[in-house]
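S.K.: Once you've had a glance at the structure underneath, I'll fire off some questions.
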Amino acid sequence: MGMDRREFLKAAVLTGALAQTGCRSIAEFQTINESNAADFSPRKGACMAGFRAEPLEKVRIGVIGLGHRGSAAVPRLSNIPNATVVAVADLYEDRVAKQIKVLTDAGKPAPVAFFGNKDEWRKLCESKNVDLVYICTPWLWHTPMAVYAMQCGKHAATEVPAAVTIEQCWQLVDTAETTRRHCMILENCCYGENEMLALMLCRKGVLGELVHGEGAYLHDLRDSLMNEETTGGYQGQWRLEWAKQHTGNPYPTHGLGPICQYMDINRGDRFDYLTSMSTNQFGLSEAAVKKFGKGSRQAKTSYKLGDMNVSVIRTYRGRTIMVQHDTTSPRPYSRINTVSGTKGILADYPLRVALEPDAHEWMDDKALAALKAKYGHPLWSKSGETAKKAGGHGGMDYLMDLRLCHCLKNGLPLDIDVYDTALWSSLVELSEQSALHHSKPEAVPYFTRGGWKTAEPLGIVTV
């Protein structure tokens, strides 16, 4: 009753598999045969791991959503070599007009404009002159827009999280496999200078065998959440609306994405299960009282999003990852960005490194500077200064766009593929379900359907 087709098929396959193996429980079965579990959701097309699309002479980009993120993306993308913004879409004409002026004032061609109703973005996806649809809208629109873009033959790149339910994660994977189009989550933090230093240390074996990672999104957003759009808040307070209805970790990928790349998740290892716990909600109610008064509607509103969520993931190879989320407490910004191995540890905010044989103490400034000079990522060495001038969170946004467009132009696999996009986003629902059920362990879907065993690890790139 109420079971959708995917759930029915999974149940049918599982029932038969349990009978064949003689297992008495789902947990027992899953520990015996991972390959059977990987087959629960039939592949819609060939595996996308390492997928190479046809090279593009120039990457023609259509941007949907011209608010906080989109308004910064348009001028940044227009300065990427061999890329051009050819279309923009938003509900509001004034936003579209502003971005057209930004481009034309910079001597760029005026993009085609789409605005006026909630379906205009579809016309951008359908345009024959667009190769890549770049999505900067509120969370609930990310999957529908990315799916439609791929169905229209376009590559899709979407802001984080790319999906908010497991079903949406599967929609992205199934559509990418069927259409043979890329789908990338725009996880800019994977391109941060310290994150890419950590990746180099991991790739060069400096930290030894990796054991544990920690990532987070710790960012005091109380003012932005409570404010209206006209005073720096979100359009329609959509992010606050989410906090009224959900708990768990709705924004896991900033801290999680880099850790996954360090550990070759989906490329030699995979998530097995997670458990998650949320505190009660305190910060939003206090912020509402402070801003609007104790008797206000906002102060009397019930918010479900716990101030702090902590999720712990165990991987198939026996590693652990801790992910935190807190946007309603007074604290300095941090993504934690810690990775620990058998030979040492890198911890961020502030950046510290300790290595054997002196791992009982952090390196001094001189030793740390020498380590950074030796192991700084070549992408930052080559394009870091340009990236910093271009802006976007210290340059990492620019490097993300640079790599994306370079790979599309040259027909190369993306650094972040659809399986990463789905997996990192899956924590939105999985963390909530675990937190709502006394931290019950939640099995993580095998989005690669076994492809993680043979997928090539990320290499060290220069552009």
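S.K.: Among residues belonging to region 418-431 that are surrounded by 24 or more Cβ atoms within 10 Å (Cβ to Cβ) and touching a Ser or Thr at 6+ places or on another chain (Cβ under 6 Å), point out the one that is farthest from Leu305 (Cα to Cα).
M.R.: Residues of region 418-431 that are surrounded by 24 or more Cβ atoms within 10 Å (Cβ to Cβ), as a first pass: 418-428, 430-431.
Those still in the list that are touching a Ser or Thr at 6+ places or on another chain (Cβ under 6 Å) too: 419, 424, 431.
On the way: Tyr419: 27, Trp424: 19, Ser431: 12 Å.
By that ranking, first place goes to Tyr419.
S.K.: Of all residues being crowded, with 16+ Cβ neighbours inside 10 Å and not aliphatic (A, V, I, L, M) in region 80-97, which is farthest from Thr158 (Cα to Cα)? Just the residue, please.
M.R.: Looking only at region 80-97, we keep the residues that are crowded, with 16+ Cβ neighbours inside 10 Å, and these are 80, 83-91, 95-96.
Now narrow it down to the ones that are not aliphatic (A, V, I, L, M): 84, 90, 95.
Details: Thr84: 17, Asp90: 15, Arg95: 19 Å.
Across region 80-97, the extreme among qualifying residues is Arg95.
S.K.: Kindly indicate whether Gly318 is assigned to a helix (DSSP H, G or I), at pLDDT 95 or above and either on the phi > 0 side of the Ramachandran plot or among the polar types (S, T, N, Q) (or both).
M.R.: Details: assigned to a helix (DSSP H, G or I): no; at pLDDT 95 or above: yes; either on the phi > 0 side of the Ramachandran plot or among the polar types (S, T, N, Q) (or both): yes.
Here the answer is no, as Gly318 does not meet what is asked.
S.K.: While we're on this one: Can you pull out the residues in region 418-463 that are over 16 Å from the mean Cα position of the chain (by Cα), aliphatic (A, V, I, L, M) and closer than 24 Å to Ile135 by Cα?
M.R.: Val463
S.K.: Let me ask another. For region 364-417, which positions are in a loop (DSSP other than H, G, I, E, B) and either at negative phi or open to solvent by 50 Å² or more (accessible area, probe 1.4 Å) (or both)? Break it down stepwise before answering.
M.R.: Applying the first criterion (in a loop (DSSP other than H, G, I, E, B)) to region 364-417 yields 364, 376-377, 391-392, 411-417.
Asp364, Gly376, His377, Leu412, Pro413, Leu414, Asp415, Ile416, Asp417 - these are the residues of region 364-417 that are in a loop (DSSP other than H, G, I, E, B) and either at negative phi or open to solvent by 50 Å² or more (accessible area, probe 1.4 Å) (or both).
S.K.: Still on this model: Given (1) under 30 Å from Pro350 (Cα atoms); (2) open to solvent by less than 20 Å² (accessible area, probe 1.4 Å); (3) not hydrophobic (A, V, I, L, M, F, W, C), where does Asp174 come up short, assuming only one miss?
M.R.: If we test Asp174 against (1) under 30 Å from Pro350 (Cα atoms); (2) open to solvent by less than 20 Å² (accessible area, probe 1.4 Å); (3) not hydrophobic (A, V, I, L, M, F, W, C), just (1) comes out false.
S.K.: Scan region 203-217 for residues that are over 18 Å from the mean Cα position of the chain (by Cα) and part of a strand (DSSP E or B) and jot them down. Before the answer, list the steps.
M.R.: Residues of region 203-217 over 18 Å from the mean Cα position of the chain (by Cα): 203-212.
Within region 203-217, Leu210, Val211, His212 qualify.
S.K.: If you don't mind, another one. Among (1) at positive phi; (2) touching an Asp or Glu at 6+ places or on another chain (Cβ under 9 Å); (3) open to solvent by 10 Å² or more (accessible area, probe 1.4 Å), there is one condition Gly107 misses while meeting the rest; what is its number?
M.R.: (2)
S.K.: Follow-up question, since we're still on this one. What single numbered condition from (1) among the small types (Gly, Ala, Ser); (2) surrounded by 24 or more Cβ atoms within 10 Å (Cβ to Cβ); (3) at negative phi fails to hold for Gly65?
M.R.: Every listed condition holds for Gly65 apart from (3).
S.K.: Got a sec? Which helices (runs of 4 or more DSSP H) wholly within region 228-313 have at least 1 residues that are touching a Phe, Trp or Tyr at 6+ places or on another chain (Cβ under 7 Å), open to solvent by less than 50 Å² (accessible area, probe 1.4 Å) and within 16 Å of Ser431 (Cβ to Cβ)? Explain how you work it out, then say what you get.
M.R.: On the way: elements: 238-245, 253-262, 283-292, 297-300.
Fully inside region 228-313 and qualifying: 238-245, 253-262.
S.K.: Moving on. I need a count of the residues in region 90-106 that are among the polar types (S, T, N, Q) and over 19 Å from Val133 (Cβ atoms).
M.R.: At the first step, the residues of region 90-106 found to be among the polar types (S, T, N, Q) are 99, 104.
Still in the list and also over 19 Å from Val133 (Cβ atoms): 104.
Count: 1.
S.K.: Just one of Leu172, Leu197 is in contact with a strand residue (DSSP E or B) (Cβ under 7 Å, 6 or more places away or on another chain) and either of a type outside the set (Asp, Glu) or over 27 Å from Gly384 (Cα atoms) (or both); which is it?
M.R.: Details: Leu197 fails: in contact with a strand residue (DSSP E or B) (Cβ under 7 Å, 6 or more places away or on another chain).
Selected residue: Leu172, the only one of Leu172, Leu197 that is in contact with a strand residue (DSSP E or B) (Cβ under 7 Å, 6 or more places away or on another chain) and either of a type outside the set (Asp, Glu) or over 27 Å from Gly384 (Cα atoms) (or both).
S.K.: Here is a follow-up. For region 335-347, which positions are surrounded by fewer than 22 Cβ atoms within 10 Å (Cβ to Cβ), of a type outside the set (A, V, I, L, M, F, W, C) and not in a strand (DSSP E or B)?
M.R.: The answer is Thr342, Lys343.
S.K.: Continuing with the same structure: Lys123 - would you say it is modelled with pLDDT under 95, closer than 30 Å to Trp170 by Cα and open to solvent by 20 Å² or more (accessible area, probe 1.4 Å)?
M.R.: Details: modelled with pLDDT under 95: no; closer than 30 Å to Trp170 by Cα: yes; open to solvent by 20 Å² or more (accessible area, probe 1.4 Å): yes.
So Lys123 does not fit the description; no.
S.K.: Pick from region 432-450 the residues that are among the small types (Gly, Ala, Ser) and in contact with a helix residue (DSSP H, G or I) (Cβ under 7 Å, 6 or more places away or on another chain): which of them is nearest to Asp307 (Cα to Cα)? Explain how you work it out, then say what you get.
M.R.: So the first thing to find is which residues in region 432-450 are among the small types (Gly, Ala, Ser), and the list is 434-435, 439, 443, 450.
Next, from what is left, pick out any that are in contact with a helix residue (DSSP H, G or I) (Cβ under 7 Å, 6 or more places away or on another chain): 443, 450.
Numbers: Ala443: 24, Gly450: 36 Å.
If we take residues in region 432-450 being among the small types (Gly, Ala, Ser) and in contact with a helix residue (DSSP H, G or I) (Cβ under 7 Å, 6 or more places away or on another chain), then Ala443 is nearest to Asp307 (Cα to Cα).
The values are calculated or read from the model by the stated rules, or taken from the named source; none is laboratory data. Predicted model, so just to flag it, every value in this text is computed and none were measured. Positions of Cβ are backbone-derived with ideal geometry, glycine not excepted, and every protein chain shown enters the neighbour counts. In case anyone asks, the SASA skips ligands and DNA or RNA and just uses the protein heavy atoms, side chains included. Shrake-Rupley method; radii C 1.70, N 1.55, O 1.52, S 1.80 Å.
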